[in-house]
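One structure below.
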Amino acid sequence: MQEPGGREKISKLTISRLALAGGFDWWWVGGALALDQMSKIIVVRTMALHQSIPLLGDVFRLTYIQNAGAAFGLKLGGPLVHTVVAVAALGVLGWLFLSLPQAARLQRTALAMVLGGALGNIIDRIRLDYVIDFFDVGVSEAWRWPVFNVADSFVTVGVLFLAVSWSRQQTPDTQTNSPGNSPPPSPADVAADDAERIAGS
């Protein structure tokens with residue numbers, strides 16, 4: 001016989017476990033956001049605008065710029081347009097994240113990284129009307145990747161993880177439908193074939 005309040009205790013325990021399981025993914029969101037904002041504070045306090053500090057020669061350096069465009073310097077319109085688009089994209093990402101089952105660990109982690117990075121840049125746009133960028137990679141002045149930041153890095157890595165996880169989901173179906181990947185015959189089938197050959201000889 002179940003003691004009074006037993007169902008309530010089980011429900012609370014289940015909710016606690018679910019919250020704990022999903023909390024790991026939220027740590028990625030908070031960690032990405034914290035690293036992004038702290039790095040930008042350090043850059044603003046220690047570097048002048050457009051100052052460049054070589055770390056690995058011209059291959060990798062810190063260059064402080066204020067990006068009024070989209071990620072990696074892309075132009076989609078004015079600052080208001082970029083902010084609206086970013087907030088809308090954040091809402092879609094949040095919905096996808098919450099709709100994923102707890103078992104989809106890699107996808108949830110990837111989306112959490114993207115969410116944290118997107119939040120970092122949206123905070124800049126709302127607070128400053130531009131995004132603080134400083135990672136500068138290239139081989140010469142003519143061949144350089146657009147300057148980016150920690151938030152962009154988390155978004156890029158998260159998208160790559162999503163691509164990997166979705167490709168891994170497609171692989172089993174492809175292998176199952178492929179003619180060259182039929183399962184090996186069982187010992188019973190082999191014995192039956194041998195018996196049929198012997199009987200027909």
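Every number here is computed from the coordinates shown, using simple stated rules; none is lab data. Because the structure is a prediction, the values reported are computed rather than measured. All Cβ positions, even for glycine, are placed from backbone atoms using ideal geometry, and neighbour counts span all protein chains on display.
So if each residue of separation counts as 0.36 nm, and I subtract the Cα-Cα distance between GLU141 and ARG105, what length gain in nm does that give? Display every interim value, and only then the final one.
Values: separation 36, 0.36 × 36 = 12.96 nm, distance 4.08 nm.
The span from GLU141 to ARG105 would gain 8.9 nm if fully extended.
Packing order of peptides 93-106, 140-153, highest average first: 140-153, 93-106 (average count of other Cβ atoms within 10 Å over each peptide's residues).
Based on the Kirkwood radius over alpha-carbon pairs, what is the Stokes-Einstein translational diffusion coefficient of the range 119-161 at 37 °C with 0.692 mPa s viscosity, in µm²/s? Let's see the in-between values first.
On the way: Rh = 11.6 Å.
Estimated diffusion coefficient is 284 µm²/s.
Take the Cα of VAL81, step 7 Å toward its Cβ, do the same at ILE53, and the gap between the two points is 3.5 nm.
The Cα-based radius of gyration and maximum Cα-Cα distance (Dmax) for the range 96-169 are 15.0, 46 Å. The DSSP beta bridges internal to the range 27-154 are antiparallel in roughly 90% of cases.
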